[in-house]
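Encoded as structure tokens, the structure appears first; notes follow it.
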Amino acid sequence: MRVFLRKTAGGRDPLPITMSGVRMGERVLQIGVDDPRMAGAIAAKVGLSGHAAIAVPDDTAAKRAQSGAAEAGGLLDVQVTNLDALPFETDSFDAVVIHNVGPLLATLGHRIGSALAESLRVLRSGGRIIVIEGGTPAGLTAMFGGAKNAGDDGAGTMSALQAAGFKPVRLLADREGLRFVEGLKTPFA
């Protein structure tokens, strides 16, 4: 997994960072933490001119997120909270990144709609949400019989985002064992 977040010789960012579209100076909220290094890398990407926050459901996840931020050299505002009642002001973030490889959203059960509605609330108009989830296995996992992720090619995530008010919603990519689904908060949301 260490190779997963290592920068290439060409100086390019790892795929999850590139696909998130996070840029220096942005205000970014991450929800959940699958890989602390990824959470730390996203926090480091916004730099000192931006604001990186993460909402996690428990203290164990908070410690993992803090360790990832420390390793990446980024500042991360860690909040332990209910994911369907975020402690942030309305329109306070440019982007929300949901780490759903776990899968975090499935563990929310019937509260998934209210959690996504909260993500919509904290996004500014024109802001985007990116859900990173397990995708089609790649590499050795695919070669040695790794079954396709038990998901639905992102259709369930896309439907949930649309139901929460994100429009348009699209599948950005399914690469390297990860799927990236994006939704936008239109001015009319």
Subset tally (residues that are among the β-branched types (Val, Ile, Thr) and at pLDDT 95 or above) for the stretch 135-174: 1
Unique residue being farther than 24 Å from Arg179 by Cα, part of a strand (DSSP E or B) and of a type outside the set (D, E, K, R) when the list is Val28, Val96, Val78: Val78
Residue within the stretch 79-94 that is over 24 Å from Val169 (Cα atoms), in contact with a Leu (Cβ under 9 Å, 6 or more places away or on another chain) and not charged (D, E, K, R) present: yes
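Listed here are the residues, each with its yes/no results for (1) surrounded by fewer than 18 Cβ atoms within 10 Å (Cβ to Cβ); (2) under 27 Å from Gly156 (Cα atoms); (3) modelled with pLDDT of 95 or more; (4) charged (D, E, K, R).
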| residue | (1), (2), (3), (4) |
| --- | --- |
| Leu48 | yes, no, no, no |
| Ala55 | no, yes, yes, no |
| Asp59 | yes, no, yes, yes |
| Ala72 | no, no, no, no |
| Leu83 | no, yes, no, no |
| Phe93 | no, yes, yes, no |
| Leu104 | no, yes, no, no |
| Thr107 | yes, yes, no, no |
| Ser119 | no, yes, yes, no |
Selected residue (criterion: surrounded by the most Cβ atoms within 10 Å (Cβ to Cβ)) from residues of the stretch 175-189 that are modelled with pLDDT under 95 and over 14 Å from Ile98 (Cα atoms): Gly177
Top-ranked residue in the stretch 31-47 [being among the aliphatic types (A, V, I, L, M) and in a helix (DSSP H, G or I); ranked as nearest to Asp94 (Cα to Cα)]: Val46
Every residue from the stretch 10-45 that is buried (at least 24 other Cβ atoms within 10 Å of the Cβ), out of contact with any strand residue (DSSP E or B) (no Cβ under 8 Å at 6 or more places or on another chain) and aliphatic (A, V, I, L, M): Ala41
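The values are calculated or read from the model by the stated rules, or taken from the named source; none is laboratory data. Worth saying up front: this structure is predicted, and the values here are computed from it rather than measured. Heads up, the Cβs are rebuilt from the backbone with ideal geometry, glycines too, and the neighbour counts pull from every protein chain shown.
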